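Chemist: Here it is, the structure, as structure tokens.
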Amino acid sequence: MLFNSYIFIFLFLPLTIFLFFSAAKYSREAALTVLFCASFIFYSWCDYRFGIILLISIGLNYFISSAIIATLSIKIRKQYLILGIIFNLSMLGYFKYVDFFIQSVNSVTQLQIDSFNVILPIGISFYSFTQIAFLVDSYRGLIKKYKLLNYAVFVTYFPHLIAGPIIHHMEVMPQFEKSSIFKFSSRNVLVGLTIFAIGLFKKVVFADYLANLVIPVFDTHSASLSTLDAWVGALAYTFELYFDFSGYSDMAIGLSLLYGIKLPINFYSPYKSINIIEFWRRWNMTLSRFLLNYLYIPLGGNRTGSTRRYMNLMITMLLGGLWHGASWTFVIWGCLHGVYLCVNHGWISIKKLSNFSLINVYLSSFLSRLTTFVAVVIAWVFFRAPDFQSAFSILRAMFLNIFVWPTSWYMPNVIRFFSMPKILVMISISFAISFLLPNTYQFLARFKAALLVQKNDYLPKILLWRPSLLWNSIMSIMFVIGVSFIQSSSTFLYYRF
């Protein structure tokens, strides 16, 4: 089931809210049971087999984590932990990577091994990482005994289940014990629906329109691209992913707030970043946190010297790229970001040693942001391209064709010329929104609607959203426009990962 569907907005969501708060009048367990059942139906809507896989995963992870907590022997606890990690990675490996592995072996060895044609369960990457973190923290002694129902709701909670954020038990599970979430709050509903409306608008108005510019460039005519075509396609995808992911993150947080539960921010104006390090503190923030705490630091982090630090960065980003998809193009995307991070850290070290700095602070900031953005766009080409040949064709058109005569290279071959003014206006608006305007959580900063809010990053009071006739009218219009633009074929990009 999709957030941006009529059946979700007008049937599933209001019915779930009604049943949740009605059940809460009798007991908290009844309310959480309603939430679990609703989340299970939400997840299993398209394919009941996905729900069965999810239940198996929850049951085994609950058994293993309970055994870890109840066992005093460190050796046995570690064995349980290894067993749990192997189980989760094996499930993820089979459903997501077995066909990729077979195809890679076939291409290298010229063998003709038949693929399994495994159907990827939606969201398996997200709930696998969520449960791995839970097992590790159980081993570390950070988790005490807990109820199966609470754990099941924690894993299946529908606002985050499909495409994140990757929630942490210390942030969310304690909220299930608070009496406040079982009491209907008109304030939470108003703020939550406001955030949901903003997210829906981003997705169906901006992301879905930009997707129409991406497909012909990346999937159809990559061999006959002009420079203008290539840049339109690359920038369109850059902003499509921005609005798609940002829109989903907003909707997830807004939906969760309807039940009084706060989720962590997962997306915080990443294209405003001054360097790649900051970019990863703003883009898919919960994945970055997971990779930092459960991969980079266990590998040694930056504690064992510069060489090992750069090696750990590369390993982390390579695996992060592979997590996003079973394709070598995702590996290259991760590799590029690993190189970017190494260069960024190296540049910081050089600046410290040489005391180098540009005289003009504003020029330095502009050049840093521009360099970071262009580097991110280049990496997105590999992220989106179906294969290496298409990626290199697009990059060649972007950066090399400008030196080639005749001038026909500069004229659009793929994008229709008469549509170009409209396209350029849309991309310009996307630039303005992502670089100049405050994000959703800055607009609603006074309500603290989510976790991981950035400190000292608030707007003047006059610009903050507040319940008023003007603001409510604006949000209502955005919601109506969003609903009217819903397409039955529109899915979120991160559903694939």
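The values are calculated or read from the model by the stated rules, or taken from the named source; none is laboratory data. Worth saying up front: this structure is predicted, and the values here are computed from it rather than measured. Note: ideal-geometry Cβ built from the backbone for every residue, glycine included; neighbour counts use all protein chains shown.
Chemist: Tell me which of these I102 doesn't satisfy, since it passes every other one: (1) under 27 Å from the mean Cα position of the chain (by Cα); (2) of a type in the set (A, V, I, L, M); (3) surrounded by 13 or more Cβ atoms within 10 Å (Cβ to Cβ).
Modeler: (1)
Chemist: Just one of F116, F95, F87 is loosely packed, with under 14 Cβ neighbours inside 10 Å and either charged (D, E, K, R) or under 30 Å from M1 (Cα atoms) (or both); which is it?
Modeler: Of the residues listed, the single one that is loosely packed, with under 14 Cβ neighbours inside 10 Å and either charged (D, E, K, R) or under 30 Å from M1 (Cα atoms) (or both) is F116.
Chemist: Continuing with the same structure: Here are S22, S27, S73, S65: which of them is assigned by TED's automatic domain parsing to the domain that holds F176 and within 19 Å of T156 (Cβ to Cβ)?
Modeler: S65
Chemist: Just to be sure before I move on: is S138 at pLDDT 90 or above, of a type in the set (S, T, Y) and either surrounded by fewer than 22 Cβ atoms within 10 Å (Cβ to Cβ) or under 18 Å from P264 (Cβ atoms) (or both) in the structure I sent?
Modeler: In short, no.
Chemist: Can you run down the residue pairs with Cβ atoms below 6 Å, 6 or more apart or on separate chains, where the first is in the stretch 194-210 and in the same structural domain as L444 (by TED's automatic domain parsing) and acidic (D, E) and the partner is buried (at least 24 other Cβ atoms within 10 Å of the Cβ) and in a helix (DSSP H, G or I)?
Modeler: none
Chemist: Further, regarding this structure: What's the number of the condition L19 fails, among (1) at pLDDT 95 or above; (2) under 28 Å from the mean Cα position of the chain (by Cα)?
Modeler: Just one mismatch for L19, condition (2).
Chemist: Could you pull out the residue among I261, I253, I274 that is under 30 Å from A31 (Cα atoms), touching a residue at least 24 places away in the same chain (Cβ under 8 Å) and either small (G, A, S) or not in a helix (DSSP H, G or I) (or both)?
Modeler: Within the list I261, I253, I274, the selection yields I261.
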